[in-house]
Amino acid sequence: MRKQQQLYKGSLNAIIMKLLEQNGRMYGYEITQKVKEITSGEMNLTEGALYPALHKMEADGFLDVEVEKVDGRIRKYYKLTEIGIKETDNKMEELRNFIRNMQNIVNLKLT
């Protein structure tokens, strides 16, 4: 599990941005649960990794935050800004290239 977390740490922003692109807006816990669901429990996104990433993306202008009261508690919803949507496209392209290159390495045949 440890190795896998190191592998996807570099892809954390891409994962978050893709989920927000798909779902419109989400709150933190919802993001962690969605990652767990999509990966059948293989990836466990901790709050310790998630929230610093969300705050950095907000500071970079990629995310807007909406605060709502839900069941008497304050909940922060995150959604992509216009710049964030463009950045998501860039990140997905980078990720596709990375995955393609990794597949080429994995499938390398000894000659």
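Kindly indicate whether Arg75 is open to solvent by less than 80 Å² (accessible area, probe 1.4 Å) and under 13 Å from the mean Cα position of the chain (by Cα).
On the way: open to solvent by less than 80 Å² (accessible area, probe 1.4 Å): yes; under 13 Å from the mean Cα position of the chain (by Cα): no.
The answer is no for Arg75.
For the residues Lys34, Lys69, the requirement of being farther than 27 Å from Lys86 by Cβ and in contact with a strand residue (DSSP E or B) (Cβ under 8 Å, 6 or more places away or on another chain) singles out Lys69.
Strands (runs of 3 or more DSSP E) wholly in the stretch 8-111 with at least 2 residues that are touching an Asp or Glu at 6+ places or on another chain (Cβ under 9 Å) and hydrophobic (A, V, I, L, M, F, W, C) - which ones?
Working: elements: 25-27, 63-70, 73-80.
Once the strands (runs of 3 or more DSSP E) in the stretch 8-111 are filtered for at least 2 residues that are touching an Asp or Glu at 6+ places or on another chain (Cβ under 9 Å) and hydrophobic (A, V, I, L, M, F, W, C), what remains is 73-80.
The number of residues in the stretch 90-111 that are open to solvent by less than 90 Å² (accessible area, probe 1.4 Å), of a type outside the set (A, V, I, L, M) and touching a helix residue (DSSP H, G or I) at 6+ places or on another chain (Cβ under 9 Å) comes to 1. Would you call Glu87 within 15 Å of Leu19 (Cβ to Cβ) and either among the charged types (D, E, K, R) or open to solvent by 80 Å² or more (accessible area, probe 1.4 Å) (or both)? The answer is yes for Glu87. Remark: Ala53 matches the filter, which requires a residue to be touching a Leu at 6+ places or on another chain (Cβ under 9 Å) and either in contact (Cβ under 8 Å) with a residue 24 or more places away in the chain or not basic (Lys, Arg) (or both).
For the stretch 32-48, the set of residues classified as within 22 Å of Glu66 (Cβ to Cβ) and either open to solvent by 30 Å² or more (accessible area, probe 1.4 Å) or in contact (Cβ under 8 Å) with a residue 24 or more places away in the chain (or both) consists of Gln33, Lys34, Leu45, Glu47, listed by residue number.
The values are calculated or read from the model by the stated rules, or taken from the named source; none is laboratory data. Since the structure is predicted, the reported quantities are computational estimates derived from the model, not experimental observations. Positions of Cβ are generated from backbone atoms using ideal geometry, with glycine treated the same way; all protein chains shown enter the neighbour counts. Remember, those area values only see protein heavy atoms, side chains included, never the ligands or the DNA or RNA. Shrake-Rupley method; radii C 1.70, N 1.55, O 1.52, S 1.80 Å.
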